[in-house]
1. If we restrict to alpha carbons, what Rg and Dmax does the range A:182-708 come to, in Å?
2. Taking the Cα atoms of the range B:227-375 alone, what are Rg (to one decimal) and Dmax (as a whole number) in Å?
3. Just checking the output field for A:532-541: average partner chain Cβ neighbours within 10 Å of each residue's Cβ?
4. Applying 1/(1 + (r/R0)^6) with R0 = 30 Å to the Cβ-Cβ distance of residue A:331 and residue A:194, what FRET efficiency is obtained, to the nearest 0.05?
5. Quick one: if you take sqrt(5λ) for each eigenvalue of the C-alpha gyration tensor of the range A:306-380, what semi-axes come out, biggest first, whole angstrom?
6. When Rg is the radius of gyration of the Cα atoms in the range B:64-122 and Rh is its Kirkwood radius, what does Rg/Rh come to?
7. Based only on the alpha carbon positions, what is the Kirkwood hydrodynamic radius of the protein assembly as shown, in angstrom?
8. What FRET efficiency do you get for residue A:273 and residue A:202 if R0 is 22 Å and r is their Cβ-Cβ distance, rounded to the nearest 0.05?
């Protein structure tokens, strides 16, 4: 077996089911089995072991570029593969692309460059693990990944795994996995953008290969003044005379980020070194009613990855090691954020290693396994009271074994997974208040056995029926336990959250060569959590995590992706969910879960003429949702329209585009004054926000010019 | 269709003992007319706040029959209530920085609402000299409002009393003969809120000027006694730099004519920090104390004999105490950070009969009480 870098070359040997191949590879293969006639399923996998009834052959029957990323029709998991391309507006960021997938809800603290994170199927933001090229940025949900820190241009595709994620991630998040996959394309690209609030973005990318070496590099600079105009009711709900518009001060950002990767192929081995640094300096504007003019945050992050992959006759293996460091320095000299002057420095380190392998011993069985561990530590200096907190650390490990069992000519696939997770909390330290062991340090060791099962039924090639069930565990992360920023206060009493997730769904695809191509998905999901960790905003708009008891989310997700006659691209998604706090004895029992909007809609459509001119429109809607456990305070609905036009007269010309976000300049809505009292007819004007006190921007223009080199 | 049907299947529900309907609290601890107070209240107004301070609602308790009306209106989630001059003031503290003025009983909307400015952090309100004075913990002034229009009519500059951080930390106010006596805590916000002094300032209600001030000790709080010329002052910080208990506090009588008197009670005597004082008359009151393990104890205090009698201890956080009528004291009990299993609710005790173990719990509110006032 061998890896290819240059021109694809035949690989002799046994059958190679596609899942054994890294999905980013371009390969030629010599499968053992021919595709049965009359089953026009695309892709290499369908020509391989699954259709075992066909006689083996040593003839090369296919030379085909493997499709990019996972094929949602051949996996039981609910996965959406998002590929930024011509139909993606130039102003898009990772969050806005992810928002296009069914089951997602993006929460933002402002405009472009401001904090943004995603919830999957009513999960919390931390119940979504984000991977950069297969390496976790927040293992076990350690911290919320700010999607604004991830440059969209660096990624070829974004995989959104809702619920049951593959074994290779070694992850079992309650919500799901988002995997950002860097680009493979050779050549270069330069892009410049400028727009409202003095927002500018410049990025450059280059990729190439020589002999057994290849490399990709991407760098981006982003800056904004962020001085958007927002509506301020002065916190006086009943007094309308003091309502006014203000300018968001101290909301500037400067962010430099890069993603670089080099690979070397030696025989059956491929070695990858990658690095993803980030530097970010930003003003912290505070909440709308408690604005800060001098508070600043400086963030440094670096992810360094070393990976070795090897492939054998019927197996592939991989070992990855990584170091993730994140430094955050908060300077609030005047105590504007919460009344306490601060000069804090948090340093979080994660060192991890993971090995995974997949094997195809028979035509119908493909076992896989993953084993990994990590050490993570946090040091916080100058916390409240002026003393340095002691360093805290813990060890975590997990083993996952699973298999894809493909039966009845691959019309039925069973994918059981068993994951064992363990935490060593002995170095977590003690709470500052009781000096008792830190929860879950009250238990020095925490273990969990988490089974999952996926079922895929394909009665027709174009139809996939799916069902998944799984149990999940997430320990509170070190920020949740010990966070001490002015706007993020940890809770050292937190317990790990556990849960079950179930889903059923159907996916239908249209033939590739039809006038109308695309796919449609419809699914239902249930998420039952115990000790769910929920971040609530307190009176000062700071965030504090608390454990709920039993919680429940159920919903429907749907997506339609259509390409009509080669000139119209349309994608739509909808998420409709109900949530409920089932904590017995709680004063908030039977209320909706905070920040779980019942309805989210995303619609994007664009038409183009030979890619020389493309005009697009996007609509997103997020229904009102509660900010607190008792459901007393509700956000306004977020209804946003956007439009854009891009042109490139010839291949030699740059692409020029103009985007308008929030076309209707919707920064306020009229909402019930007292959402807890349906008998109160009074209405008030309120700002459109995802988080209380953090207004979203109005109409935003961006002009973008990009060249392919 | 199956999926949609599955979705519409109702989510499960659990039994809950919470509810927004009126409920009876049972005996409110009426001890009969002792003649010790001149007040005649009909209603207790309770600002209740979620344990995580993410939500708050207003509740009332009918003092005649104990009926609780919960969830009357939403409140800022860091809140105090003050009944004063026929009004019920809601103080939305840091982050809200507003004052709502209600006519008691008409809770659907306030008669007025005004902001005291970002970071103002209103602490107390008192109507005297024809003005409503609002003490701002986050600023260096008292704001003065016209009760006819609830518009700002003036500012009493107390910047001369500020400590090194520039903020004097203006807290409780007590009125005596057209003079507002104001607690000035002088905490250094730039250095972990350590005490930098501590004053009682006198502000003329009519003139709106700072007339005098007295050094009284660190971190003072003022505790009014109905009908008395003078008030009690509690001083003392809670912890030192190492988070060890500091037993430096005292309680003393403040006479407007002569200033602070000799200590009547010292924390060292109790071995615990005195966190609040509620006097039902000049010689009988209730003390709340906190020990090194953050457990709270309620004590009866007989000033006349100088004795203290322990009533009960709890791991709940006792946020404050306020004197009601007939010698009764109402205590706000909240879940403690150090004991997540601790109970929240209203505790009523009789500070006159002072029978240990006679406290009555009322825990049928949606949230735990944060502040209580009577009208």
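Computed from the coordinates by the stated procedures, all read-outs in this text should not be read as laboratory data. None of these values were measured; they are calculated from a predicted model. Here Cβ is always computed from backbone atoms with ideal geometry, including for glycine, and neighbour counts include all displayed protein chains.
1. Looking at the range A:182-708, its Cα Rg and Dmax stand at 25.7, 76 Å.
2. Considering the range B:227-375 through its Cα atoms, Rg and Dmax are 15.1, 48 Å.
3. On the way: counts 0, 0, 2, 2, 7, 6, 9, 17, 7, 3.
Per residue, the average neighbour count from other chains is 5.
4. Working: r = 29 Å, r/R0 = 0.96.
That pair, residue A:331 with residue A:194, gives E of 0.55.
5. Numbers: eigenvalues 422, 27, 14 Å².
Whole-Å semi-axes of the equivalent ellipsoid: 46, 12, 8.
6. Details: Rg = 12.2 Å, Rh = 12.1 Å.
With Rg and the Kirkwood Rh in hand, the quotient comes to 1.00.
7. On the way: mean 1/r = 0.0317 Å⁻¹.
31.6 Å is the Kirkwood radius here.
8. Values: r = 26 Å, r/R0 = 1.16.
With a Förster radius of 22 Å, E is 0.30.
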